[in-house]
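A short worksheet on the structure shown next.
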Amino acid sequence: YLDAELDVTDNLMVGLAGRMERYSDFGTTTNGKLSARYKIGNYISLRGSYSTGFRAPSLAQLYYNTTFTDFVAGEAIDKIIAANNSPITRALGIAPLKEEKSNNLSYGFAIQYKSFALTVDAYSVNIKDRIVLTGAFSADDSIIGYDLQKLNVGAAQFFTNAVNTTTNGVDIVLNYTPLITDKQALRFSLAGNFNNMKIDEIHTNKKLKD
């Protein structure tokens, strides 16, 4: 892990960070971050950053396995949430889970004047190969039903790297810290977040697409 910051001028600061890790589950991942802050006068700062990231599959997403009974049109059906390494997921061609990868961009400004502080930051987060829990695939399905019937499964669902998403949003934080005495102060904070997430792409193997 490497993290460095440099004051290019009295007003401009640039930061650079990098990290490399190796996981027994899915191998090596390398990520970095580039950031900058520029002061305008005594009260206003502009800032921005770009970074890459990842999230490893959780233990539950890898190994959770359960059977439960659901009722469909009045009929009881045993459904299975299958572990990623189970015979069911292998029969359906579900690949081993890999890490989610992300690209993150943020930019905004901060204002500090006496007891008031305001920060506003916009951001965009693109996640590739996001891990989601599928809907239930029934043994009556014309494509994969036979595979489930051979395993004596009425319906199955599982975790898979199936979607790419983009989330755009804005964070706003306002702080007011008036002094009561020379050594005491109150802090009032108001924060808000507005965001929107959309699915850019759904991808899986050909058998499940059909």
Taking the range 129-210 and dividing mean pair separation by its residue count, relative contact order in percent (alpha carbons under 8 Å, at least six apart): 30
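Can you tell me the relative contact order of the range 2-128? Whole percent, Cα pairs under 8 Å, sequence separation 6 or more.
In percent, rounded to a whole number, it is 20.
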Give the whole-number value, in cubic angstrom per residue, of the convex hull volume spanned by the C-alpha atoms of the range 122-210. 153
Dipole magnitude of the chain about its Cα centre (Cβ charges: Lys, Arg +1; Asp, Glu -1), debye to nearest 20: 420
Using the Cβ atoms and a cut-off under 14 Å, what net charge is assigned to the surroundings of Asn31, where Lys and Arg are +1 and Asp and Glu are -1? +2
How high is the relative contact order of the range 100-167, in percent, with contacts defined as C-alpha pairs under 8 Å that are six or more residues apart? 33
Return the calculated 222 nm mean residue ellipticity for the chain, to the nearest 500 deg cm²/dmol, obtained by summing -39500 (n - 2.57) across DSSP H runs with n ≥ 4 and dividing by the residue count. -2000 deg cm²/dmol
Surface accessible to a 1.4 Å probe, Lys98 within the full protein complex, Å²: 90
Based only on Cα atoms, what Rg/Rh ratio does the chain have, Rh being taken as Kirkwood's radius? 1.15
Lys and Arg at +1, Asp and Glu at -1: neighbours of Tyr1 with Cβ under 9 Å from its Cβ sum to -1
In whole angstrom, how far apart do the alpha carbon centroids of the range 23-89 and the range 171-210 sit? 18
Out of all DSSP beta bridges with both ends in the chain, state the antiparallel percent to the nearest 5. 95
In a shell of Cβ-Cβ distance under 11 Å around Ile77, excluding Ile77 itself, what net charge do Lys and Arg (+1) and Asp and Glu (-1) give? -3
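The values are calculated or read from the model by the stated rules, or taken from the named source; none is laboratory data. Because the structure is predicted, anything quoted here is derived from the model rather than measured. Here the Cβ is made from the backbone with ideal geometry for all residues, glycine too, and neighbour counts use every protein chain on show. Each accessible area value is taken on the protein alone, full model and side chains, heavy atoms only, with ligands, DNA and RNA left out. Shrake-Rupley method; radii C 1.70, N 1.55, O 1.52, S 1.80 Å.
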